[in-house]
Amino acid sequence: STAIPSAASDFDIPYSCRFDQVSSAEMYRLPGSSTNKTTWAFSAWVKKCGQQSHQMIFGGINDSGDASRSIMLKFDNTDRLVINDWHDLELYNDRVFRDPSAWMHIFMQYDSTQTTESNRIKIWVNGEAHALTENTGAGGAGWDGYPPEDHETMVNMASEYSRLGGGGPQAQRLDGYMAEVHFFDGASIFSDDSGSANSGFNVNSFGETGDYGEWKPKEYSGDAAHGTNGFYFDFSDSAALGDDASGSVDWTVSNITAVDQMLDTPTNNFCTLNPIATTYAGAGFYEEGNLGFDSDGNVGNLLGTIGVTSGKWYYEYHEDVASTSSYHNVGFANIEFPNEGGAMSDMITNEDTWGMGLPNGSEKWNGEGYWNGTAWGSWTQSDTLGLAIDVDAGKVWFSVNGTWISSGNPAAGTGEAFSGLPASTYSPCATPQNHAIARFNFGADSSFAGNLTAQGNQDSNDIGDFQYTPPTGFLALCTS
């Protein structure tokens, strides 16, 4: 799957927060006082990275015993969006969410005061009502389907933690990003029990339909106040990502640092690695919002989520482990080749890939394998590589720590490593192996998840965050 640009939006979301499942990232808060435990609403934009694992988005979880009032909004291990306690699945929908390139808006209303059972929990995804099915055969400590009337959850309970991105006894942590997170203590979309929507507060308070029919963000415009335990996270302060922008309900962050403030947002969606389109042998795994891959002694074959058919583009690569046995191969791939029978394991010898590698000296490769078997350029595991492609001219360049190899000059269109690339769609590609930990920066994080000091260099459109300034005219791989 590849990302599709959204229509232009009048509302710009500058930052998101990265939740790295491998690092056990989460946010939590013990409310100062019990408030409305029967009526609350939650809204967030989410970019889901991990596949087929339990991933909590938001909820209230008891740490020690009573599961009957725990509640979690999460993705389950089949990629469905569900509501459950931490014993049994209770409400679900058969739709699955597996696109790692997409931001989605999730809006949930909990209002157990409603007489009509199906009005007690409602979910919207990208502006559309998300029908829920009761898991009436689940049994266990909780309710089997919708909660009983006036049922109180652990959200807004002074003695129990509310959590964002996972945690608690099951530690079902989110693997992805969140942006524009709102929580409303005591607010309901219903003006009465008839089920009619309260026009001052509903899913349209957070988004609207764009020019292409997509659901796009808009600045919160509803009448509901966030309330005593309510909060709004815009993640604008990298030193305190748990700060409440609507008031003083600040949250504690765990395994989340300043480098997890990301430029990847619903209004500017950046390229990441694509775990659906790519393969790996053995126990390798993705991390850091799909910007890192640990080959774990095996071979990973990686592609990006954004493919480009024209224009000039730039990204960076860094390895954060100094292992002399680790190999890297990184470059660009014609994304049609996997669909034409090309084996991903043959990426560096496939005629539809162009790149450079470090197995035994620096070498460039495509099609026929390593270029004449001779060293080319000079780089090591501690260096940062720059990769530039001019799709219209069919040329590729490589740099090491900001210096273009072989006196290349992408801005002038000279000294390229490769030329003659056919007209097609191109995506970043890499084959890290033998304990290599590959880090990618497509313009959202020049620190490479804290492994380097961020430099803040931008592309020719003043977009992105790069270690080295991209050549003039070359852009970050993002929808803006």
Check on Val155, of a type outside the set (S, T, N, Q), modelled with pLDDT of 90 or more and not in a strand (DSSP E or B) | yes
Residues (under 16 Å from Leu174 (Cα atoms) and among the hydrophobic types (A, V, I, L, M, F, W, C)) located in the stretch 248-269 = Val253, Ile256, Met262
Residue count, the stretch 231-257 (criterion: within 21 Å of Gly292 (Cα to Cα) and touching an Asp or Glu at 6+ places or on another chain (Cβ under 9 Å)) | 4
Sort out which residues of the stretch 221-243 are of a type outside the set (A, V, I, L, M), touching a residue at least 12 places away in the same chain (Cβ under 8 Å) and either crowded, with 18+ Cβ neighbours inside 10 Å or part of a strand (DSSP E or B) (or both), and write them in order of number.
-> Gly222, His226, Gly227, Asn229, Gly230, Phe231, Tyr232, Phe233, Asp234, Phe235, Gly242
Scanning for something in contact (Cβ under 8 Å) with a residue 60 or more places away in the chain, touching a Phe, Trp or Tyr at 6+ places or on another chain (Cβ under 7 Å) and open to solvent by 10 Å² or more (accessible area, probe 1.4 Å), does the stretch 377-387 turn up at least one residue?
-> no
Go through Tyr92, Tyr28 for me and flag whichever is farther than 20 Å from Gly145 by Cβ, at pLDDT below 95 and assigned to a strand (DSSP E or B).
-> Tyr28
Report whether or not Tyr315 is modelled with pLDDT of 75 or more and under 22 Å from Trp397 (Cα atoms).
-> yes
Out of curiosity, is Asn62 more than 30 Å from Phe190 (Cα to Cα) and not basic (Lys, Arg)?
-> no
Which residues, counting only those in the stretch 40-87, are among the polar types (S, T, N, Q), crowded, with 24+ Cβ neighbours inside 10 Å and modelled with pLDDT of 90 or more?
-> Gln55
Taking the residues in the stretch 318-339 that are modelled with pLDDT under 75 and touching a Pro at 6+ places or on another chain (Cβ under 8 Å) as candidates, determine which candidate is farthest from Leu477 (Cα to Cα).
-> Ser326
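I want to confirm something. Restricting to the stretch 163-182 and keeping residues that are small (Gly, Ala, Ser) and open to solvent by 10 Å² or more (accessible area, probe 1.4 Å), which single residue is modelled with the lowest pLDDT?
It comes out as Gly168.
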Just one of Ser221, Ser199, Ser236 is modelled with pLDDT of 85 or more and among the polar types (S, T, N, Q); which is it?
-> Ser236
Could you look through the stretch 413-438, keep only residues that are open to solvent by 10 Å² or more (accessible area, probe 1.4 Å) and under 23 Å from Asp294 (Cα atoms), and pick out the one that is nearest to the chain's Cα centre (by Cα)?
-> Ile437
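The values are calculated or read from the model by the stated rules, or taken from the named source; none is laboratory data. Every value quoted in this text rests on a predicted model; they were computed, and no experiment measured them. Here the Cβ is made from the backbone with ideal geometry for all residues, glycine too, and neighbour counts use every protein chain on show. SASA here: full protein model, heavy atoms, side chains in, ligands and nucleic acids out. Shrake-Rupley method; radii C 1.70, N 1.55, O 1.52, S 1.80 Å.
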